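Just so it is clear, none of the values below were taken in a lab; they were calculated from the coordinates. What you see is a predicted model; the values in this text were computed from it and never measured. Positions of Cβ are generated from backbone atoms using ideal geometry, with glycine treated the same way; all protein chains shown enter the neighbour counts.
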Amino acid sequence: MTATLGTATRTFAVRDPATTEVVAVVPDGDAADATAAVDAAAAAFPAWSATAPRVRAEVLRRAYEAIVADADRLAALITSENGKSDADARAEVGYAAEFFRWFSEEAVRTEGGYGVSPAGGTRTIVTHRPVGVAALVTPWNFPAAMASRKIAPALAAGCTVVLKPAAETPLTALAIAELLTVAGVPEGVVNVVATTSPAEVVTTWLEDPRVRKVSFTGSTGVGRTLLKQAADRVLNSSMELGGNAPFVVTGDADVEAAVAGAMVAKFRNGGQACTAANRFFVHADVVEEFVARFGAHVDELEVAPLISDRAVEEVAALVDEAIADGAVVRHRGPVGDRGWRYPATLLTGVRPDMRIAREEIFGPVVTIIPWDDEATMLEQANDSELGLAAYVYAGRLQDALRIAEALDAGMVGVNRGVVSDPATPFGGVKQSGIGREGAREGIREYQETQYFSVDWS
Ligand code: NAD
């Protein structure tokens, strides 16, 4: 790894959301650093892409082991810059490490295909090759996992990368890059540029002819901007964007299990997850029981701080507007007195057309929307331009699957409040994104398909 920060003369502060105090000062990268990072990645590409898959696999396996061995320090670092609880930070480190393990195993699955043309006149060999230097851009909400979910498949495929973490959370990405060096990733293969000028750095990358791929995780708005920029060079693009997950509970669901799943689907990371359940469609037969049981947890729950004072203001504005429009605060948790806080809140009286139901909340707020007609509920659940995750709890598997199939979402938790898993193809439909991360599909995002048409006369 090369942290291409050498020429940066400016710096910026990273703050702990729990205390708002400065935890580190980091060099602030600019366009020159961005170009230097591509120089390094382009120089490293020929050797890394030609490295035997087994050797790349072993490096990635050592990266997995290095991250697991350093989990205590990494979790503390995540908590210090992101604010999430120690338990959430540890879970994230484990999840992040698993991408290195999974893609160490995928790196050697290089098979393509051998075909006989229908008329018999040619033979066809299909192969996959690394796309080239990949530009990776990640958000602050999962600083270890989002970087790992991109770096691991890229390296497995034989790509070299330049990575821009979010300015709120650069420390975790820098620490992971250091661990990769220890694990044997050669100089120049992974290059991190931390910056407070994201557009300057990323535009430099998207305009550089040596960059062959962009993979972005973040908001749909920024994703759209990057796609427009990528269009100028017809750049291979993967987008993991926002979500507005519905959480459906049927009349015969196990309400206690649904509440346990809802706690995770809603409150992991204080609700600041793209997969976070935003809209709870609960059948009228069980809605009061669901609200009472879920609310009992909400009353006790002290959530971790949000990422910034602006995030708190945005969540508060959504809730206040909903209340002014008829929503009712039925349950509210305690709020810590330091840092950027918003209390766990459960609202009833929410209508699907309210802004709080139409936009990604990105905070610890539950909105309850009762239903009794399945078709109407599905129409409301799907009435969104976003389609990342969804959840369904039902007593009978066939009911759960029927609803799951009808939901416009890339991922559906069926009687489960979690969908993330390195062995599965993570991603969304509609404006939640393009492409998938994890699973077999994850490595394909960093490969081009090439075939050889062989004369057989
Ligand atoms: P964001 O879009 O503001 O920022 C994401 C990244 O883009 C950051 O690194 C940021 O510095 C960079 N960025 C911002 N403006 C840019 C510009 N003009 N040009 C280039 N880069 C720019 O998102 P965020 O607030 O950090 O993260 C929250 C969003 O991310 C939510 O919408 C959430 O749903 C989404 N998200 C999606 C997934 C997924 O896998 N689908 C995962 C996590 C988060």
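Tell me, rounded to the nearest percent, the portion of alpha carbon pairs in region 51-149 spaced more than 15 Å apart.
The proportion of pairs with Cα distances above 15 Å equals 70 percent.
Suppose R0 equals 22 Å; then what is the FRET efficiency for Ala87 and Asp254 from their Cβ-Cβ distance, rounded to the nearest 0.05?
After rounding, the FRET efficiency stands at 0.35.
Rounded, prolate or oblate for the chain? Axes are the square roots of the Cα gyration tensor eigenvalues, ordered a ≥ b ≥ c, and the cut-off for rounded is a/c under 1.5.
Verdict is oblate for the chain.
Give me the angle, in degrees from 0 to 90, between the Cα long axis of helix 255-267 and the longest principal axis of the Cα atoms of the chain, rounded to the nearest 10.
Relative to the chain, helix 255-267 is tipped by roughly 50 degrees.
Given the convex hull of the Cα atoms of region 1-104, what is a quarter of its surface area in nm²?
If you wrap the Cα atoms of region 1-104 in a convex hull and average its projections, you get 7.9 nm².
Could you compute the FRET efficiency for Thr11 and Ile125, with r as their C-beta to C-beta distance and R0 at 45 Å, rounded to 0.05?
So the FRET efficiency works out to roughly 0.30.
As a test of the definition: which semi-axes, in Å, follow for region 115-156 when you take the square root of five times each eigenvalue of its alpha carbon gyration tensor? Largest first, please.
39, 10, 8
Quick one: length gained pulling Ala199 to Val23 fully straight, 0.36 nm per residue minus the C-alpha distance?
60.9 nm
I need the P(r) histogram for region 73-220: all alpha carbon pairs, bin width 10 Å from 0 out to the longest distance, whole percents.
All Cα pairs considered, the percentages come to 11, 37, 30, 13, 6, 3, 0.
How far is it, in nm, from the label point at Arg54 to the one at Glu178 when both lie 7 Å from their Cα along the line to the Cβ?
3.4 nm
Would you mind estimating how fast region 245-421 diffuses translationally, via Stokes-Einstein at 20 °C and 1.002 mPa s with the Kirkwood radius over Cα pairs, in µm²/s?
135 µm²/s
Calculate, in whole percent, how much of the Cα-Cα pair population of region 196-308 lies beyond 26 Å.
Tail fraction, whole percent: 43.
Which Rg and Dmax, in Å, describe the Cα atoms of region 285-351?
Reported Rg and Dmax, both Å: 12.8, 40.
I'd like the projected area of region 31-81, averaged over all directions, using the convex hull of its alpha carbons. Report it in nm² with one decimal.
5.2 nm²
Rg to Rh ratio, region 349-388, alpha-carbon atoms and Kirkwood radius?
Computed over Cα atoms, the ratio is 0.95.
With the crude spin-label approximation of a point 7 Å out along Cα→Cβ, what separation in nm comes out for Val329 versus Ala76?
Those two pseudo-labels are separated by 3.6 nm.
Provide the three semi-axes, in whole Å and in decreasing order, of the ellipsoid equivalent to region 332-457 as defined by the square roots of 5 times the Cα gyration tensor eigenvalues.
Each semi-axis is the square root of five times an eigenvalue, giving 37, 21, 14 Å.
Fully extended, how many nm does the chain gain between Glu359 and Glu441 (0.36 nm per residue separation, minus their Cα-Cα distance)?
Taking 0.36 nm per residue and subtracting the Cα distance, the gain is 26.6 nm.
Could you give the length gained on full extension between Gln450 and Ser308, defined as 0.36 nm per residue of separation minus the Cα-Cα distance, in nm?
So the extension gain works out to 46.5 nm.
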